[in-house]
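Written out below as structure tokens is the structure these notes cover.
Laboratory data are not the source of any read-out in this text; all were calculated from the coordinates shown. Computed from a predicted structure; not experimentally measured. Positions of Cβ are generated from backbone atoms using ideal geometry, with glycine treated the same way; all protein chains shown enter the neighbour counts.
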């Protein structure tokens, strides 16, 4: 009988019957010590039956240490403390925004916490700040510091005399909303009932992430950034920031990103989500009092890792080498590339919150800088603004604060249009249009959506990137130029590390960043 063909109620009943069988045969009468919502049996169901094979069998059964390892971890998680994701990263500061936050698709967060870390010193003019936007699963810990001496995810790029020079710049990095490393996300407590949000957390967008970051900048007294810098999903955020707040950003850097998500990357993230949500321990997102969906997370990470690196690198690094050349082939990880993917999944599966992965990856999927898409979001926010006003009224917030919250958080058009309109209509009509793609309505729509991005911009692509192929960075650069941006620099690197090149290639990537920050 196939699980995917069963209604949910039948699946639950079927799993319960399997649990009863397993509890007497496999678990040895294990009594779970944690108050869990879901049954662990579905994960443990991969254990081989205890019935012995007939003695007349031609061959003995294969062993599956990889499956045994997953089952052992399930048992450990069933009896141990629940994972605390915010303890994975320490030493960050927390910005607490006490007012409700309206999100693009109508959800409202009663309040907002944003984890952030800083390096360098803000100058007297408060105009030397650089905001670094992170990728999907990164924390605010981009660089080590006295409060957390562990190397950060961009350790070699940031620091005194480095590519992002903290002798010159005040560097800020946040954990995005929806994350699990100190910022408000699905694993956070909903103040309405004291329980974790889980999948009651509202859908978020890249633009929502950026608005939260600019609330932090307001809190820090930073009116204008020297630069907005981002890679991968961070490159999406930097584009969104430049469009939302063009008068608050002097320079823009977008690395290995896109201006709108395309089918291939959407399909990859969809597959990861499906694998994760198919883990019975996911329990529709309500797993925080039980066993986390570690198997689904492990497999999702393995799929993602395939898109993060490149075939040429793996040919040189692994080739067809096996982990143990002298042993017979096995169905568990056998080739070195298999053991590498297995290791990546193992490292990640309990270090990041599953629901955060779902929500943030979906935010990447729905990202679209096209004017029709951003106009639709603006209309939705306008329609949902009364909900925010009602909450503020119930909380007896003073009128001045109410006006400020509605303007800066709800994204009222007036707050976004200050000092950003062309001098006259002739300026719009005279802008050059794309030559090869000008007949594509979708491309024209994207050009119009990027007209507000007029600051000097660096766009960087990697030829071996599978997740965000270089034609997507070319699309960004061409659309910006066609929209009237006269200072667009496009670099294309022939590196073998694929999408992850921005984490590895200090010379090429770092050199391009430094040049744009200091000499443009």
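Cβ crowding within 10 Å, taken as a proxy for footprinting-reagent exposure, orders 375, 398 from fewest neighbours to most as 398, 375. Neighbour counting of Cβ atoms within 10 Å sorts the residues 316, 377, fewest neighbours leading, into 316, 377. Extension gain for the segment residue 401 to residue 373, taken as residue separation times 0.36 nm less the Cα-Cα distance, is 7.1 nm to one decimal.
Take each peptide in 479-485, 129-135, 505-511, count the other Cβ atoms within 10 Å of every residue, and average; sorted highest first, the result is 129-135, 479-485, 505-511. What separates the Cα centres of region 149-182 and region 276-298 is a distance of 31 Å.
Please list 262-272, 297-307 highest first by mean number of surrounding beta-carbon atoms within 10 Å per residue. Mind showing how you got there, number by number?
Working: 262-272: 15.9, 297-307: 21.3.
Those peptides, ordered most packed to least, come out 297-307, 262-272.
For the listed peptides 227-238, 150-161, a ranking on the average number of other beta carbons within 10 Å per residue, highest first, reads 227-238, 150-161. Which of the three applies to region 258-322, rounded, prolate or oblate, going by the alpha-carbon gyration tensor with a ≥ b ≥ c and a/c under 1.5 meaning rounded? It comes out oblate by the Cα gyration axes. Taking 10 °C and 1.306 mPa s as conditions, region 320-360 diffuses translationally at an estimated 133 µm²/s according to Stokes-Einstein applied to its Kirkwood radius (Cα pairs). Against the empirical curve 2.2 N^0.38 Å, the C-alpha radius of gyration of region 112-191 lands at a ratio of 1.15.
If you take the C-alpha gyration tensor of region 134-266, multiply each eigenvalue by 5 and take the square root, what semi-axes do you get, largest first, in whole Å? Walk me through the numbers before you get to the answer.
Values: eigenvalues 122, 75, 51 Å².
In descending order, the three semi-axes are 25, 19, 16 Å.
Taking only the alpha carbons of region 58-216, we obtain Rg and Dmax values of 20.0, 81 Å in that order.
Our note on the geometry: Cα centres of region 314-368 and region 241-266, 28 Å apart. Residue order for 97, 352, fewest other beta carbons within 10 angstrom first, comes to 97, 352. For region 202-292, the gyration tensor built on C-alpha atoms gives an oblate shape. Its axis ratio a/c (a ≥ b ≥ c) is at least 1.5, and a/b is not larger than b/c.
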